[in-house]
Amino acid sequence: MIFRSRELLIFLLLAVGTVQAEVLTVGPGGAYQTISSAIAAAADGDTIRVESGSYNEELTVDKRLRLEGINMPIIIGTRKGSTVTMIAPGSVISGFRIEGCGGDLQKEDAGILLRSDGNIVENNELEDVLFGIYLYHSSNNTIRGNRVVGRKHLESGGRGAGLHLWNSSGNTLEENIISHTRDGMYIQSSPDNTIRGNRVSQLRYGLHFMNSDDNRFEDNVFHDNIAGAAIMYSQRIELRRNTFVRNRGFSSFGILFQDCRNCVTEENLILDNAVGLFLEATNDSVFRRNTVAENDVAMQIFSSSKRTVFTMNNFINNLSPLQIVGNISSSTKWDPDEGGNYWSDYDGYDMDGDGIGDVRHRIHNIFEYLEGNHPRLRIYLNSPAARSIVVTEKSFPILKGSNEFDNRPLMRPVKIATTFLPERSSGRAGWFLLAFSSMMLGVAVAVFYRGLVR
Amino acid sequence: MEISSVITIARQELTVAIRNKWTIIFASAFGALVLVISYFGTMTAGEIGFQGFNRTTASLLSLALYLIPLVALMMGTQSFLNEGGDEMLYSQPISRGEVLAGKILGLFAAIMVATFVGFGIGGLIIATQADAGDFIGYPVFVALSLILSLVFLSLSILVAVACGRKAKAYGVSLLVWFFFVIFYDLLVLGGSLLFNERTANQFIFVSLFGNPVDMVRVAGLLSLRGGEIFGAAGAALLKFLGGEAQGITILVISLGVWVIVPFLISIRLLRTQDI
C-alpha cells in the first residue's frame, strides 16, 4: 500500500462528498425562496441553482458551494457592505447579475468580495457597484468573463475599481469587461497573477498597479480612459499584445512605468494617446516589436531611467517622437544587436538595400529636445517659428542638440499582428465629411466656371 | 453704408479675382499640396493596419498657416493698388468705406473658392482613407483658415492704403508676413527666457493675442485634438482662457477684432487721402 492512511481517508471523504452533493433550487418553482436560506441549508460541495428573478438580499458564501444563475437572476444588495462575500475556499459563482452594494470605499464595499482562495467567478454582470470584484488577501482564483459597470453618477474619485486586488497572488483575470469605475484594475501587493483578454474603457486609470512583481498582462485592451496603465514600484512585469488606444488627458499616457525594473513590453499597440510611453526611474527594461502610433508625444523618458532598450518597434506618425526630461541625454539604447526601430519621420536612405537606413536617425529635433525641460515651449507646437528653429539647427548646427540616435533605423515597419483594431469611426461622421468636402468642391467649380467661362 | 452697392462691388471684385491667373495658380498649387499631404499622411499609417487623422491635419494646418496669410496679403495689395481701375470706382456716388468693404468681401470670396478646391480634395481623401472619431474638426479647421485669410486681407488694405505705391506695398506686405508667421514667435520665445516659469507662461499666453497666426494655430489644435496636445502648458493655457470651448470662442472673437481694427484704420486713412 503506497497511500498513507491519512491520504486515503481524505480521498474517501472527498469521494463520498461528491456522491452526496445535492442540487438545491431557489426560485418560484424551487424548494427555497431566498438564496441565503439555500446557503444555510446546503453542505460543502452542494450546488445551488437560482432561477431567473429578483432577489433582494446580501449573501455570505461560507461553504464550498457552486452557485449557478439560470437566465441571469438579479441579486440586489442592501446598499450596505458587499452584495456577495465569499469566505469559504473553492466556491463558484456564475451567471448572476449583481447590484446595489454599499458606498464605503474604506470597507471594500463590492459587488463580489473574495476573502478566500481558489474560487471561480464567472460570467456575472455587476452594475451599480462601488468596487466590482474585490480580491482581499485571496489567491488562486479565476475571474472570467464578468462585466462591471461602475456608478456613473459618482465623481470618478468617489468610485472604486472594477477589479481590485490586494495582497492576492496566483489569480487569473480573464476576458472581463470593465467601464465607468474609478480604475479598471487596481492591483497592489499582489505578485504572480495572469491578466488576459480584458477590456477596460471610459474610466480613470485602465490599470493602476503597484508593488506587485511577476505579473503577466496579455491581450488586454485599454481604450478611451484618462490614462491607460500606470505600473509602479514593481519588477519583472510582462506586457504582451495589449492595446492602449485613445487614453487622453492632461499629462496622461498609454503606459507609465515608474520605479520599475526588468520589465518586458512586447507587441503592444499604443495608439492615439496624449503620451504613448512614460518612463521614470525605470531600469533595465525592454520594449520590443511594439507599435507606437499617432500619439501627441510617443515617449516621455526621464533621464532617471537607465539602460532601457528599444528594439524593432514601429514609431509611426506621432506628433513628437520623444521628450527627455532631466539630463541632456538618457542611457537608452535604440539600436541593440537585435536591430533598430522604424521611424516614420526618418529621412535617410538605404543604398545597399539591406533594409537598414545608411544614415543614423536623430530621434528628436532641437525643439522637441528643448520641450523636455521647458514644457511651455510646446505652445509653439506646429508653428512656423518652431520649424524655422529646427531647419536652422539642421543647416547650422551651432546649438547643441539631442544625443539620442538610432544608428540602425529600419526602412520598413515591422509586421506585427495586432489583436485589436480600433473600430472605424461612425459611418455618419465619414459621410458628413464626404458631403462637406463635395460641397466645397462643388462651390469652387461652380464659381470658377461662372467667372471663367460665362 | 449701402449693402447693395457693397455687394455689387464684391461681385465685380470676385469676377476679376477669379479671372486673375494668380488666383488660379494659387488654387491649383494649394490643391496639389493638400493632395500630397493628405494622401501620403493617410498612406503611411495604412501600412500598419490603421489610418489616422492626427498628423495629416496638423500638417494641413501648417500649410494653411504659411500660405494663406501670404496669398491674402498679395491678392489684397494687387487689388487695391491696380493701376487705372479704382479711380473710376471712387468717382461713383458711394462712400470709400463701401468700396473697401466690397473689395474685401469679393477678395475673401475669391480666396474661399480657391482654398475650397484644396480643402475639398483633402477632405475627400481623409473621409475615404482615414479613421478618426472626430471629423467635426475639419470644418472648424476650414473655418479658421478662412478667418485667417480675412485678417490678412484686412491687414493688406491697411498696408496698401498706408503705402500708396505698389512696389512699397508689396515690400511691406512681405515684411508683415514674415513678422507674423515667423519673427513674432521667435521674439516671444526669446523674451520668455527672461522670466521665471510662471511669468513666462503668462507672457506667452498674452502674447498669443498679438499674433493672428498663433491664435489660429492654437484654436485649430485645440479644436482638432483638445488641450492635451500641448501637455502641461496646455493645461495652464486652458486655465488661463477658462476652458476649451470658452478658449476657442475668445480666440475667434479676438480674431474678429484683428479683422475690424485694421479695416477701420484703413477707412480713416482713406477718407483723408486725395485720390
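The values are calculated or read from the model by the stated rules, or taken from the named source; none is laboratory data. This one's a predicted model, so the numbers in the text were calculated from it and none came from an experiment. As a convention, Cβ positions derive from the backbone with ideal geometry for all residues, glycine included, and neighbour counts pool all protein chains shown. Calculation scope for accessible area: heavy atoms of the full protein, side chains included, ligands and nucleic acids excluded. Shrake-Rupley method; radii C 1.70, N 1.55, O 1.52, S 1.80 Å.
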> What is the set of long-range amide H partners of A:GLY90 at a cut-off below 5 Å, with H atoms built 1.01 Å from backbone N?
Replying inline: A:ASP117, A:GLY118, A:ASN119
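What accessible area, summed over both chains, is buried at the A-B interface (1.4 Å probe, Å², nearest 100)?
Between A and B, the summed buried area is about 5700 Å².
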>> Taking the Cα centroid of segment A:73-122 and of segment B:221-246, what is the distance between the two, rounded to the nearest whole Å?
In response: 42 Å
> Roughly how tilted is helix B:54-80, in degrees to the nearest 10 and between 0 and 90, from the longest Cα axis of chain B?
Replying inline: 10 degrees
>> With the cut-off at 1.5 for a/c, could you classify segment A:171-274 from its C-alpha gyration tensor as rounded, prolate or oblate?
In response: rounded
> Can you give the mean number of other chain Cβ atoms that lie within 10 Å of the Cβ atoms in peptide A:369-378?
Replying inline: 5
> Roughly what angle does helix A:5-20 make with the longest principal axis of chain A, taking Cα atoms, 0 to 90 degrees, to the nearest 10?
Replying inline: 90 degrees
> Does anyone have the angle between helix A:427-452 and the longest principal axis of chain A? Alpha-carbon axes, 0 to 90°, nearest 10?
Replying inline: 20 degrees
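For A:GLU127, A:GLU393, give me the order by solvent-accessible area with a 1.4 Å probe, most accessible first, ignoring ligands, DNA and RNA.
Greatest to least solvent exposure: A:GLU127, A:GLU393.
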> Ordering B:TRP177, A:TRP431, A:TRP166 from largest to smallest accessible area (1.4 angstrom probe), what's the sequence?
Replying inline: A:TRP431, A:TRP166, B:TRP177
> Residues of segment A:171-273: accessible area per residue at 1.4 Å, in Å²?
Replying inline: 29 Å²
> Once the other residues with Cβ under 15 Å from the Cβ of A:ARG240 are scored (Lys, Arg +1; Asp, Glu -1), what is the net sum?
Replying inline: -1
> How big, in percent, is the set of alpha carbon pairs in segment A:53-406 lying more than 31 Å apart?
Replying inline: 39 percent
> Rg to Rh ratio, the protein assembly as shown, alpha-carbon atoms and Kirkwood radius?
Replying inline: 1.10
>> Name the residue from A:TYR55, A:SER330, A:TYR349 whose Cα lies farthest towards the positive end of the charge dipole of segment A:53-406, charges +1 on Cβ of Lys and Arg and -1 on Cβ of Asp and Glu.
In response: A:TYR55
>> I'd like to know which of A:GLY254, A:GLY157, A:SER285 lies farthest towards the positive end of the charge dipole of segment A:53-406, counting +1 on Cβ of Lys and Arg and -1 on Cβ of Asp and Glu.
In response: A:GLY157
> About the Cα centre of segment A:259-364, what is the dipole size in debye to 20, counting +1 per Lys and Arg Cβ and -1 per Asp and Glu Cβ, all else neutral?
Replying inline: 460 debye
> Once the other residues with Cβ under 13 Å from the Cβ of A:ASN119 are scored (Lys, Arg +1; Asp, Glu -1), what is the net sum?
Replying inline: +2
> Using the alpha carbon gyration tensor of segment B:202-256, what are the three equivalent-ellipsoid semi-axes (square root of 5 times each eigenvalue), largest first, in whole Å?
Replying inline: 15, 12, 10
> At what distance in angstrom do the alpha carbon centres of segment A:42-72 and segment A:357-413 lie from each other?
Replying inline: 62 Å
> Taking each residue of B:233-239 in turn, how many C-beta atoms of other protein chains fall within 10 Å of its C-beta, and what is the average?
Replying inline: 4
> How much solvent-accessible surface does A:LYS107 expose, in Å² to the nearest 10, with a 1.4 Å probe and all protein chains in place?
Replying inline: 140 Å²
> Which value, in Å² rounded to 10, gives the accessible area of A:HIS374 with a 1.4 Å probe and all protein chains present?
Replying inline: 70 Å²
> Where the accessible area of the protein assembly as shown is counted over protein heavy atoms with a 1.4 Å probe, how much of it, in %, is carbon and sulfur?
Replying inline: 59 percent
>> Straight-line reach from A:LYS333: which lysines fall under 26 Å, measuring Cα to Cα and dropping same-chain residues less than 8 apart?
In response: A:LYS306, A:LYS394, A:LYS400, A:LYS415
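With a 1.4 Å probe and all protein chains kept in place, how do A:ARG376, A:ARG144 rank by accessible area, largest first?
A:ARG144, A:ARG376
Evaluate the charge dipole of segment A:53-406 about its Cα centre and quote only its size in Debye, nearest 20, assuming +1 on the Cβ of each Lys and Arg and -1 on the Cβ of each Asp and Glu.
Roughly 840 debye, rounded to the nearest 20.
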>> I'd like the accessible area for B:LEU35: 1.4 Å probe, protein heavy atoms, all chains in place, Å² to the nearest 10.
In response: 80 Å²
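Let me know the shape class of chain B, please: from the alpha-carbon gyration tensor, a ≥ b ≥ c as square roots of the eigenvalues, rounded when a/c is under 1.5, otherwise prolate if a/b is greater than b/c, or oblate.
Taking the square roots of the gyration eigenvalues as a ≥ b ≥ c, chain B is oblate.
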